[in-house]
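Working notes, beginning with the structure itself.
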């Protein structure tokens, strides 16, 4: 569902855009013919890719190579570690003046699909390198079976 001034559009083969829902069509019909509007666009998140991300984190947490600290068996901890290590975090300062990282949110409404794909790719590469015995093809086969 879109907000007051938000519509979802679907691009057609001829390059034009159509409203995605009847609600979006009604909103666009309120714009007078010949009226100019400003548009900022973003690709909405793909719910399947969002689920895939969390399935991926769980897959790595459940299949850690031997010798890694037990804390990585917690999917949240592994996710935080990966987000920070790949730079998807913000730095804050404690009352004592020490800088510390806080992982960025993966919440569905906090980033668009293009940003999500960058995060996903970086985290897959990081986890394959540091937390897995999977080859990239084995990983992709497993994740495709689970999603």
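Quick notes
- Condition met for residue 147 (surrounded by 14 or more Cβ atoms within 10 Å (Cβ to Cβ) and within 13 Å of residue 57 (Cα to Cα)): yes
- For segment 58-111, a residue qualifies if it is touching a residue at least 60 places away in the same chain (Cβ under 8 Å) and either within 14 Å of the chain's Cα centre (by Cα) or not assigned by TED's automatic domain parsing to the domain that holds residue 137 (or both), and the qualifying residues are 108, 109, 111.
- Inside segment 13-67, residues that are surrounded by 10 or more Cβ atoms within 10 Å (Cβ to Cβ) and part of a loop (DSSP other than H, G, I, E, B) make up a count of 11.
The values are calculated or read from the model by the stated rules, or taken from the named source; none is laboratory data. Owing to the predicted nature of the structure, the values given are computational and were not obtained by experimental measurement. Glycine gets a Cβ as well: all are built from the backbone with ideal geometry, and neighbour counts include every protein chain shown.
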